[in-house]
Amino acid sequence: MANEEVILTQEGLEKLEDELRELKTVKRKELAERLKLAISYGDLKENSEYHSAKDDQAFMETRILIVEKMLKNAKVITSENMDANKVGVGSTVLLDDIEFAEKIEYKLVGPAEADVADNKISYESPLGKELMGKEVGSVIHVNAPMGVIKYELLEIRV
């Protein structure tokens, strides 16, 4: 992730800012307390609490650097710079799975925000790539391990 542009929705930007604030304030303080307590046990060579806290600290500091870099390179997609008639990053789409006749709703987001459990898919995913630029009524074909899945694009919301 050199100086790559990180595409985010406003919601994604706020979530990253909140995470960074939490890491820098609450989590750093908690880890400092854990380290202080572990050091008080003495003999750091065989002190598993100390080594665990140091590992967690390294992980957290790395995450802070990653989030800071993402925020620095963020490009925020808002509804003002979206075409309501075509699918783009930030669009919420309603699809009809043609084979199973079931409706599915997804929000297209940047890779940093993707969360399938929350119905947020990356525009770089196979389905996301096929959806980009499509209009209502389009039939989308997605190659999946079990074969081609067909969706009809029923609705686009920004």
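The values are calculated or read from the model by the stated rules, or taken from the named source; none is laboratory data. The structure displayed is predicted, hence computed values, not measured ones. As a convention, Cβ positions derive from the backbone with ideal geometry for all residues, glycine included, and neighbour counts pool all protein chains shown.
Data overview
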| item | result |
| --- | --- |
| Helices (runs of 4 or more DSSP H) contained entirely in region 1-94, each with at least 3 residues that are polar (S, T, N, Q) and either free of Cβ contacts under 8 Å to residues at least 12 places away in the same chain or more than 22 Å from N119 (Cα to Cα) (or both) | 48-72 |
| When residues of region 112-158 are limited to those that are on the phi < 0 side of the Ramachandran plot and among the polar types (S, T, N, Q), the one surrounded by the fewest Cβ atoms within 10 Å (Cβ to Cβ) | N143 |
| Qualifying residue in region 104-111 (condition: at pLDDT 95 or above, surrounded by fewer than 18 Cβ atoms within 10 Å (Cβ to Cβ) and closer than 25 Å to L13 by Cβ) | yes |
| Residue ranges of strands (runs of 3 or more DSSP E) in region 102-158 with at least 1 members within 19 Å of E5 (Cβ to Cβ), touching a helix residue (DSSP H, G or I) at 6+ places or on another chain (Cβ under 7 Å) and of a type in the set (S, T, Y) | 120-122 |
